[in-house]
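Visitor: Got a structure here, written out as structure tokens. Questions coming.
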Amino acid sequence: MEIVKAEVKKWGNSLAFIIPGRIAEEAKLKEKDRVNVIVVPESKNVLRESFGIAKGRIKKTAQELKDEARRELYND
């Protein structure tokens, strides 16, 4: 899995973005393949939104939270 920044463009009545060739090759993607996309607007601070609301209520250290997030992300 790789995080890629892409510019959204208008395509008919829809919006689209381009997957860079290098990423498509590494993932062995071809036309008509289906992929899962997680949309995170660049202007959002996802970590602050995710963890900021729980500040003071979580009994784990920051390192424990990071380790848990990595395990979930890469061992999915």
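Visitor: So, by mean Cβ neighbours within 10 angstrom, what's the order for 28-39, 10-21 with the highest one leading?
Guide: So the order, starting with the most tightly packed, is 10-21, 28-39.
Visitor: Using the structure shown, select from Lys9/Lys66; Lys5/Lys30; Lys32/Lys66; Lys10/Lys32 the pairs with a Cα to Cα distance greater than 25 angstrom.
Guide: Beyond 25 Å: Lys9/Lys66; Lys32/Lys66.
Values quoted throughout were computed directly from the atomic coordinates according to the rules given, and no laboratory measurement underlies them. Treat the numbers as computed from the prediction; the structure is a model and nothing was measured. Quick reminder, even Gly has a Cβ in these numbers, built from the backbone with ideal geometry, and neighbours come from all protein chains shown.
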